[in-house]
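Here the structure comes first, spelled out in structure tokens, and everything after it is commentary.
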């Protein structure tokens with residue numbers, strides 16, 4: 001598996017923890033966390049909605065909830081952003097449930113290759129046109145794992161925190177989703193012959 005670009009140093013996590021403690025003591029100090037994470041959380045939401053106005057509304061809701069719940073936040077060895085992503089993920093899912101709209105997946109070509117390597121070892125270009133229809137067949141929860149792991153390149157530890165599961169469970173679920181994706185693609189190939 002390729003190495004992922006997301007790493008956070010212990011110094012960064014310690015500095016972040018001090019910012020969190022300051023926000024827990026004084027809500028005005030939450031501004032530092034807001035400024036640090038607004039753009040990333042907005043982009044996370046936008047990738048799932050493809051609607052700027054809606055993303056801004058949901059993002060506001062995420063930070064409002066985070067500020068209201070900051071006193072309940074406990075450090076678990078992962079960046080604070082994982083907690084924010086979990087809130088954002090829940091808010092986006094809630095919006096889709098309430099509106100009964102179809103979920104959007106933002107796919108970048110640069111990240112497709114790493115997923116292809118995981119799913120199929122054969123001629124990658126041959127299977128490329130089958131990937132999008134295969135992704136559309138996945139359940140919402142499976143799609144979210146694929147999106148976080150391969151398109152957003154999140155480490156398993158962060159995925160686990162966002163989904164509120166263990167890191168080993170995040171790995172197992174990712175493997176199972178990739179197996180389902182492979183099966184869907186192979187079924188598409190068999191159906192076309």
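Values quoted throughout were computed directly from the atomic coordinates according to the rules given, and no laboratory measurement underlies them. None of these values were measured; they are calculated from a predicted model. Virtual Cβ from ideal backbone geometry, glycine too; neighbours counted across all protein chains shown.
Here are some notes:
- Debye intensity ratio in log₁₀ form over the Cα atoms of region 10-99, taken at each q of 0.11, 0.20, 0.24 Å⁻¹: -0.30, -0.91, -1.20
- Residue order, fewest to most beta carbons within 10 Å, for 12, 57, 142, 72: 72, 12, 57, 142
- Here region 71-91 is scanned for amide nitrogen atoms under 19 Å from the site 7 Å beyond the Cα of residue 169 along Cα-to-Cβ, giving 74-79, 82-91.
- Difference of contour (0.36 nm per residue) and Cα-Cα distance, residue 189 to residue 136: 17.5 nm
- As a rough footprinting exposure proxy, the listed residues 100, 157 were ranked by other beta carbons within 10 Å of their own, and the order from fewest upward is 100, 157.
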